2 protein chains.
Amino acid sequence: MSAVIDQQDIKREKILEASYQRFLHYGYSKTTMNEIAGDLSMSKALLYYYFPDKSELYMAVMRKLAGDYLKQLEDKLGHFTDLREAFLFQVNTHHEFIVNNYNFFDFFRLNEQNLPDTIWEIVGHIREAEIKLLTGAIQSEVEKGNIKPVANTIEIVEVFLDALHGIKVGGALPHKKLNFPHKEHLDEIHNKRLLLIDIFVKGLK
Amino acid sequence: MSAVIDQQDIKREKILEASYQRFLHYGYSKTTMNEIAGDLSMSKALLYYYFPDKSELYMAVMRKLAGDYLKQLEDKLGHFTDLREAFLFQVNTHHEFIVNNYNFFDFFRLNEQNLPDTIWEIVGHIREAEIKLLTGAIQSEVEKGNIKPVANTIEIVEVFLDALHGIKVGGALPHKKLNFPHKEHLDEIHNKRLLLIDIFVKGLK
DNA sequence: AATTGATAGTTTTGTTAAAAAAGTCAGGAA
DNA sequence: TTCCTGACTTTTTTAACAAAACTATCAATT
């Protein structure tokens, strides 16, 4: 019986993988259940045997992606030598996550404001983990006596995360282009973020 | 002849004022030229005598608004007692500007990525003035010996403005930042920005 | 020069039918 | 039973096009 369940899990994984590729390459609305089924040489009806509907399938993929991301963060939790290292890790990991899966997130842009609760749940977990990572780093520094104690650590970290996301190229003309920054701008962005980290960390001491 | 031009200018002003009220209350796309003309008890054709088209009319109003905002900044230029006061003034003034004219800016939300160059020009001027205000404040503090000299003042200010721009409501999804914030969130954003000021200013000392 | 009614030209909105895709189900194979 | 499918139904998207709403123009008037 356990073997049977394993088989199911393997098939579920294959479906998730094929779906991920489709969603990543074509986005949510331009991916059809027939295409996913076709990629796997199975009938569309079988997809509905494993997943209740299209959006649940999408969210299952999303949950998997989020799980990988969360694991990255958790593996590093509490293993930083100083504050800057923690901040840098957070910035780089998050950026990588977004860039690598950019097209996958089409779903977010299409549904604008009224997303399923499940999505919010996943996003919440991610944000929680990010905050946990950085608040942990700050508290650790406090305990080491490197920075003075603060009352509202979480709020501070939230502001810091938001601030980082605001740093873009091109003099911050409000959303001039929706696209991700070009390669030649990555260094500029990185330098700006380093500068923010410098000032921010100093502001915490 | 000067009197004639004055009359024209007065009428132009009246048109700008009526247009502003309409745009502010109903937004760009739900304001018609007929309605503006009706408010002024004039024919629609007369509007086209004074302004080439609807979007030029909108941008003329925008230019006027921006002018008022710029004047606010310039009047205060160099009149700050300390850094925090300058940063607070900048953030508060900007906040007020956005809140007071929130619906007016729905033009930005509708056209999203491809706005007329004129708009970017205006936005550029505003940003220039903001940078000037804050770099001036920093330099002044340096001269007073309150903070230690920095080489890259402009970069620092740019990072700060970018960071402000990135500050959105809590639990924001990865791409939510691309959307225009909702009105009910503006105060929350404002509070976060005040916290950023605290840390940032301290980080400069 | 300032103003307007009439009207031309363009964009938005509704309507509807066809196409495409989501989702269901009775039944077959393993 | 569990896994799977072809055929079917229902819902959503698309395309085409006419009607309505709006922008923009212009000859005529004060």
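The values are calculated or read from the model by the stated rules, or taken from the named source; none is laboratory data. Keep in mind that this is a model prediction, so the values were computed, not measured. For neighbour counting, all protein chains shown are included, and Cβ atoms are generated from backbone atoms with ideal geometry for every residue, glycine included.
Is it true that A:GLU17 is exposed (fewer than 15 other Cβ atoms within 10 Å of the Cβ) and either on the phi > 0 side of the Ramachandran plot or more than 16 Å from DNA strand D (Cβ to nearest atom) (or both)? It would help to see each step written out before you state the result.
Values: exposed (fewer than 15 other Cβ atoms within 10 Å of the Cβ): yes; either on the phi > 0 side of the Ramachandran plot or more than 16 Å from DNA strand D (Cβ to nearest atom) (or both): no.
The answer is no for A:GLU17.
Is it the case that A:LEU73 is out of contact with any Phe, Trp or Tyr (no Cβ under 7 Å at 6 or more places or on another chain) and surrounded by 15 or more Cβ atoms within 10 Å (Cβ to Cβ)?
Answer is yes for this residue.
State the number of residues belonging to region B:150-160 that are surrounded by fewer than 21 Cβ atoms within 10 Å (Cβ to Cβ) and within 8 Å of chain A (Cβ to nearest Cβ).
Total satisfying the criteria: 2.
Condition first: under 26 Å from B:PHE160 (Cα atoms) and surrounded by 17 or more Cβ atoms within 10 Å (Cβ to Cβ). Can you find one or more residues in region B:39-62 that meet it?
yes
Please give the number of the condition A:GLU143 fails out of (1) within 10 Å of chain B (Cβ to nearest Cβ); (2) modelled with pLDDT of 80 or more.
Result: A:GLU143 fails condition (1) only.
Give me the residue from region A:19-36 that is in a helix (DSSP H, G or I) and within 9 Å of DNA strand C (Cβ to nearest atom) and, out of that set, farthest from A:ASN100 (Cα to Cα).
My answer is A:ASN34.
What do you reckon, is A:THR93 surrounded by 12 or more Cβ atoms within 10 Å (Cβ to Cβ), more than 25 Å from A:PRO116 (Cα to Cα) and modelled with pLDDT under 95?
Yes.
Of everything in region A:37-78, what is over 23 Å from A:ARG109 (Cα atoms), under 16 Å from the mean Cα position of the chain (by Cα) and within 15 Å of DNA strand C (Cβ to nearest atom)? Give them in sequence order.
Matches in region A:37-78: none.
With the structure loaded, tell me whether A:GLN7 is surrounded by 12 or more Cβ atoms within 10 Å (Cβ to Cβ), free of Cβ contacts under 8 Å to residues at least 24 places away in the same chain and of a type outside the set (D, E, K, R) or whether it fails that test.
No: the conditions fail for A:GLN7.
State whether the residues of region A:31-49 include one that is touching a Phe, Trp or Tyr at 6+ places or on another chain (Cβ under 6 Å) and in contact (Cβ under 8 Å) with a residue 12 or more places away in the chain.
Quick first cut of region A:31-49, residues touching a Phe, Trp or Tyr at 6+ places or on another chain (Cβ under 6 Å) only: A:31.
With the extra rule that they be in contact (Cβ under 8 Å) with a residue 12 or more places away in the chain, the set shrinks to A:31.
There is at least one residue in region A:31-49 that is touching a Phe, Trp or Tyr at 6+ places or on another chain (Cβ under 6 Å) and in contact (Cβ under 8 Å) with a residue 12 or more places away in the chain.
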